[in-house]
1. Looking only at region 205-217, which residues are farther than 17 Å from residue 325 by Cα and away from ligand 2 (no atom under 15 Å from the Cβ)?
2. Residue 220 - would you say it is within 14 Å of ligand 2 (Cβ to nearest atom), within 18 Å of residue 166 (Cβ to Cβ), more than 9 Å from the chain's Cα centre (by Cα) and of a type in the set (A, V, I, L, M, F, W, C)?
3. Quick one: what pairs do we get from region 121-137, first residue touching a residue at least 12 places away in the same chain (Cβ under 8 Å) and closer than 17 Å to residue 188 by Cβ, second outside any helix (DSSP H, G or I) and of a type in the set (Ser, Thr, Tyr), C-beta under 8 Å, 6+ apart or different chains?
4. Please work out which residue is nearest to residue 241 (Cα to Cα), limiting yourself to region 175-204 and to residues that are within 15 Å of ligand 2 (Cβ to nearest atom), surrounded by fewer than 21 Cβ atoms within 10 Å (Cβ to Cβ) and free of Cβ contacts under 8 Å to residues at least 40 places away in the same chain.
5. All but one of (1) part of a helix (DSSP H, G or I); (2) surrounded by 11 or more Cβ atoms within 10 Å (Cβ to Cβ) hold for residue 56, so report the exception by its number.
6. For a quick check of your reading: which helices (runs of 4 or more DSSP H) sit entirely within region 219-292 and have at least 2 residues that are within 16 Å of ligand 1 (Cβ to nearest atom)?
Amino acid sequence: MQFEKISVDQRVARANRAVDRVLNRALRSMDGVKSAVGLRGRKAPYDDLRYEFVGGPADTLRAKHYDKSLRLLWKAEDQAPWSSFRDCTPAERDMFQMALRFLTPAEAEARHRIAAPEFRALLQREYTRSERQAIVNILSAVGHGEAYAWLVSAELLGEVKSTGARAALTMQVLEEAKHFLVLRELLQAFEVPIPGQSAWEYMFMEGVLKAEGVEMFYGMNVLVEGIALSLFGLLSDLPGLEVLRLFHLDEARHTALPSNYLKEFPLTRWQSLNPVTSFQRLRMLLPALGIVARLEADMAELGLDSFQFGGALIRKISKLAYRNGFLLPLPRPALLKALNGAMNGYCKLTRANHRFTNFTEAETTPGARQLQVEDEIFAELASAAP
Ligand SMILES: [Fe+2]
Ligand SMILES: [Fe+2]
């Protein structure tokens, strides 16, 4: 390559470099002193001299969450052809068209059924109006949760250390945005009113959004994702809701994020055990029981027992919490016993002929594939446990 050089005054260039050296050193020292005494120094947690975010590269974290998420990134245009999304590239569209040619006639028919307006007809055919309303009432709780997950992951992106963790959180922000948008269209297709948040949901989500620092991992990746994972697992075998299996996969990856992050940047003993924080964790969790009670009638409409669901949910999220070092005021077995007792107490008061049930031993994720996804996360957590 030939460049036509422009001559510059070398003395000016040298002077510019010298001014920069002095100014740069002064700026950085001033910000360093300010940070040391607790004033606002450099805002960006970025180390330009190492070309890295503060915390280092954390390549394992990046590979497990950013790279993997990109590989598993699904396109709504392909997976939810009934939606208004047109997010495939021309190459992907050609590839999916080609794949369609290799489907068996039955598969092609199944796929055709869910394309375009027939999807709404399928929902009308498969469910009565009250069943459709029940599904929408249950899923809207996650739908609003997706809005909060989008907000919290964007905030957490500014909190985490390392280049790898930022890359991981960036993917989560992208996926939560997609979950919110696609789920909203899915619920609209049911053609029944979509409720706002119940008081319990409102209290729960606001509590999570107000969490600070790494406690956001507990609120979002343990509690909110745990509920989303359990609900997607519960409903993803229902006709027309197959796309929820992809949400379930994404949420599974998100629930694994805190353990991978905390392997690189562990909680201090105090962060884990601090009694005030562990009480706040319990307070953040308790409205979930209210959500379970509130969804009882809607789940019953679909032949599901919300307290069986609640028991399985509490078992899963408490496992995630304790394995990650987010301890609550009671040891885990005592916590499970107390919450199981509370659910049984409520059922004794409100259900005729209620018999004591070990709700926390229930499993409400029905599909083998979905269970395998959850097993992989919990197995990974078990191997990562100290
Ligand atoms: Fe999500
Ligand atoms: Fe998520």
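1. Selection gives 206, 207, 210.
2. Taking the combined requirement at face value, the residue does not satisfy it.
3. From residues that are touching a residue at least 12 places away in the same chain (Cβ under 8 Å) and closer than 17 Å to residue 188 by Cβ, the pairs are 135/127.
4. Checked region 175-204; the qualifying residue nearest to residue 241 (Cα to Cα) is 180.
5. (1)
6. In region 219-292, the matching helices (runs of 4 or more DSSP H) lie at 225-235, 244-264.
Quick note: the coordinates plus some simple rules give every number you see, no bench work behind them. Bear in mind that the values here come from a model prediction, so they are computed numbers and not experimental data. Neighbour counts are summed over all protein chains in view; Cβ atoms, including those assigned to glycine, are modelled from backbone coordinates with ideal geometry.
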